[in-house]
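Visitor: So that we are looking at the same thing, I have put the structure below in C-alpha cells.
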Amino acid sequence: MDFSLFAGLAPEHQPQETLDGAIAELRDELKAQGFADRNYRKSGAIRLVTLEKLIASGTVDNNLEPQKAVA
C-alpha cells in the first residue's frame with residue numbers, strides 16, 4: 001500500500017508505531033495482565049458481539065439504524 005497521499009495531507013499525524021510493534025505491545029500487555037480467556041471472541045466486550053445482539057433483538061436494523069419500539 002502507498003500512503004504517500006496521507007503523508008502529504010497530514011504530515012503531523014503519521015503513525016508513531018509499526019503494526020508489528022503494536023501487536024507485540026498488545027500481546028505483552030495481555031500476558032502481563034494474565035489474560036487467558038480462550039472464548040474472548042464471544043465476550044460482550046467485543047463490539048461485533050454486541051452489535052449482533054442488538055440486530056437480533058430488533059433494537060437496530062442491519063444498517064445499525066435504531067428501530068422504533070412498537071407500542
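Visitor: DSSP loop trypsin sites (Lys or Arg not before Pro) in the chain with at most 16 other Cβ atoms within 10 Å of their Cβ, which ones?
Guide: Arg38, Lys68
Visitor: Shifting gears a bit: For every helix of n ≥ 4 consecutive DSSP H residues, a contribution of -39,500 (n - 2.57) applies; sum these over the chain, divide by its total residues, and give [θ] at 222 nm rounded to the nearest 500 deg cm²/dmol.
Guide: -13000 deg cm²/dmol
Visitor: What angle do you read, to the nearest 10 degrees and between 0 and 90, between the alpha-carbon axis of helix 47-57 and the longest principal axis of the chain?
Guide: On a 0 to 90 degree scale, this one is about 20.
Visitor: Farthest toward the dipole's positive end in the chain, which of Met1, Asn39, Thr18, given Cβ charges of +1 (Lys, Arg) and -1 (Asp, Glu) about the Cα centre?
Guide: Among Met1, Asn39, Thr18, the one farthest towards the positive end of the dipole of the chain is Asn39.
Visitor: A further question follows. Please get the size of the charge dipole for the chain, origin at its Cα centre, with Cβ charges of +1 on Lys and Arg and -1 on Asp and Glu, quoted in debye to the nearest 20.
Guide: So the magnitude is around 540 debye.
Visitor: Moving on to the next point. If you fit an axis through the alpha-carbon atoms of helix 19-32 and take the longest principal axis of the Cα set of the chain, what angle between them do you get, 0 to 90°, nearest 10?
Guide: Rounded to the nearest ten degrees, it is 70.
Visitor: On a full-extension model of 0.36 nm per residue, what is the gain between Leu64 and Phe35, subtracting their alpha-carbon distance, rounded to one decimal in nm?
Guide: 7.4 nm
None of the figures in this text is laboratory data; all of them are computed from the coordinates on show. These figures come from a predicted structure and were not determined experimentally. Don't worry about glycine lacking a Cβ; one is built from the backbone with ideal geometry, like all the others, and counts go over all protein chains shown.
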